[in-house]
1. Is there a residue being at negative phi, assigned to a helix (DSSP H, G or I), of a type in the set (S, T, Y) and touching a residue at least 24 places away in the same chain (Cβ under 8 Å) anywhere in segment 45-53?
2. Please go through segment 167-180 and give me each residue that is surrounded by 16 or more Cβ atoms within 10 Å (Cβ to Cβ) and either in a loop (DSSP other than H, G, I, E, B) or at pLDDT below 95 (or both), ordered by number.
3. Could you please find all residues in segment 112-142 being touching a residue at least 60 places away in the same chain (Cβ under 8 Å) and in contact with a strand residue (DSSP E or B) (Cβ under 9 Å, 6 or more places away or on another chain)?
4. What about R164, is it over 25 Å from G105 (Cβ atoms) and either part of a strand (DSSP E or B) or in contact (Cβ under 8 Å) with a residue 12 or more places away in the chain (or both)?
5. Which residue is farthest from L160 (Cα to Cα), if the candidates are limited to segment 54-94 and must be in a loop (DSSP other than H, G, I, E, B) and among the hydrophobic types (A, V, I, L, M, F, W, C)?
6. Taking the stated definitions as given, is D130 surrounded by 17 or more Cβ atoms within 10 Å (Cβ to Cβ), touching a Ser or Thr at 6+ places or on another chain (Cβ under 7 Å), modelled with pLDDT of 95 or more and of a type outside the set (F, W, Y)?
7. With the condition kept exactly as written, say whether any residue in segment 7-30 is out of contact with any strand residue (DSSP E or B) (no Cβ under 9 Å at 6 or more places or on another chain), hydrophobic (A, V, I, L, M, F, W, C) and outside any loop (DSSP other than H, G, I, E, B).
Amino acid sequence: MTALSPSAQTTPIVYPSADGEPVAETYDHLYAILTALEVLKQYLAGRQATVLANQFLYYAQGFPKLRTAPDVMVIFNAAPGGRDNYKIWEEGQVPAVIFEMTSKGTKDYDQSFKKTLYEQLGVQEYWLFDPKGEWIEEQLRGYRLRGEVYEPITDSHSQLLQLRLAVEGKLISFYRQDTGEKLLIPDELAQALQGEILARQQAEILAAEERQQREFAQQQLAEMQARLARYQERFGDLPEA
């Protein structure tokens, strides 16, 4: 048997965090990734969970070439916050939910290699979203692990996230199962904030106008009382009616 050289034994294994490839195929795919990332981050804030986007997922210790880069992945029972990459053996948790923003060009890879890999890793839910509708007519397709095999999700509900998923244009929209409330995307949050600011400004203007009217009325009353006092000093009390 050939012994390993000391240099071979001590050379650290490098797990790259980037490969120089673009984050997404098109603007629509990128926007779908970023909005899903931000919405789910806000939704899971304060919980022991993290949401990562387009970062390498390493699943075999010692084999840095065995990796994939899910568009969006949700990991429960993991420390919140970002990572340069995600190594399953270090974190101790497999992603629970993965979203791939698919296209005609990635169809075969997403439907074959990734689907099989995620089954084998034990990813509980796998969602494919086709923002351009290039090969998924309904644009959104989900799978849930039953035993060791994926089965189609027929009701568009994520059991793990407790959210209902819906297609709105070229984005996935998320609705809470308990209240039906929509989780707002950043643009909608900005609009809602602007609406709140405008409503608060209008309320402040109305309150200022009411205060001015009240102060004017009090001033008018004070002036009338002063005139009455001067009249009484000069002519005595007013005659009774």
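1. No, segment 45-53 contains no residue that is at negative phi, assigned to a helix (DSSP H, G or I), of a type in the set (S, T, Y) and touching a residue at least 24 places away in the same chain (Cβ under 8 Å).
2. K170
3. In the first step, residues of segment 112-142 are kept if they are touching a residue at least 60 places away in the same chain (Cβ under 8 Å); the result is 121, 129, 131-132.
Those that are touching a residue at least 60 places away in the same chain (Cβ under 8 Å) and in contact with a strand residue (DSSP E or B) (Cβ under 9 Å, 6 or more places away or on another chain): L121, F129, P131.
4. Against the criterion (over 25 Å from G105 (Cβ atoms) and either part of a strand (DSSP E or B) or in contact (Cβ under 8 Å) with a residue 12 or more places away in the chain (or both)), R164 qualifies.
5. Filtering segment 54-94 down to residues in a loop (DSSP other than H, G, I, E, B) leaves 54-56, 59-66, 69-71, 77-85, 92-94.
From what is left, the residues that are among the hydrophobic types (A, V, I, L, M, F, W, C) are 56, 60, 63, 66, 69, 78-79, 94.
Working: F56: 22, A60: 25, F63: 30, L66: 27, A69: 21, A78: 15, A79: 18, V94: 13 Å.
It comes out as F63.
6. Yes, satisfied.
7. Yes, some residue in segment 7-30 is out of contact with any strand residue (DSSP E or B) (no Cβ under 9 Å at 6 or more places or on another chain), hydrophobic (A, V, I, L, M, F, W, C) and outside any loop (DSSP other than H, G, I, E, B).
Residues checked against (1) of a type in the set (K, R); (2) closer than 26 Å to L161 by Cβ; (3) surrounded by 13 or more Cβ atoms within 10 Å (Cβ to Cβ); (4) modelled with pLDDT of 95 or more:
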{"residue": "I13", "(1), (2), (3), (4)": "no, no, no, no"}
{"residue": "E21", "(1), (2), (3), (4)": "no, no, no, no"}
{"residue": "A24", "(1), (2), (3), (4)": "no, yes, yes, no"}
{"residue": "D28", "(1), (2), (3), (4)": "no, yes, yes, yes"}
{"residue": "A32", "(1), (2), (3), (4)": "no, yes, yes, yes"}
{"residue": "V39", "(1), (2), (3), (4)": "no, yes, yes, yes"}
{"residue": "L44", "(1), (2), (3), (4)": "no, yes, yes, yes"}
{"residue": "A49", "(1), (2), (3), (4)": "no, yes, yes, yes"}
{"residue": "L52", "(1), (2), (3), (4)": "no, yes, yes, yes"}
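The values are calculated or read from the model by the stated rules, or taken from the named source; none is laboratory data. Source: prediction; values computed, not measured. FYI the Cβ positions are ideal-geometry reconstructions off the backbone, even for glycines, and counts take in every protein chain you see.
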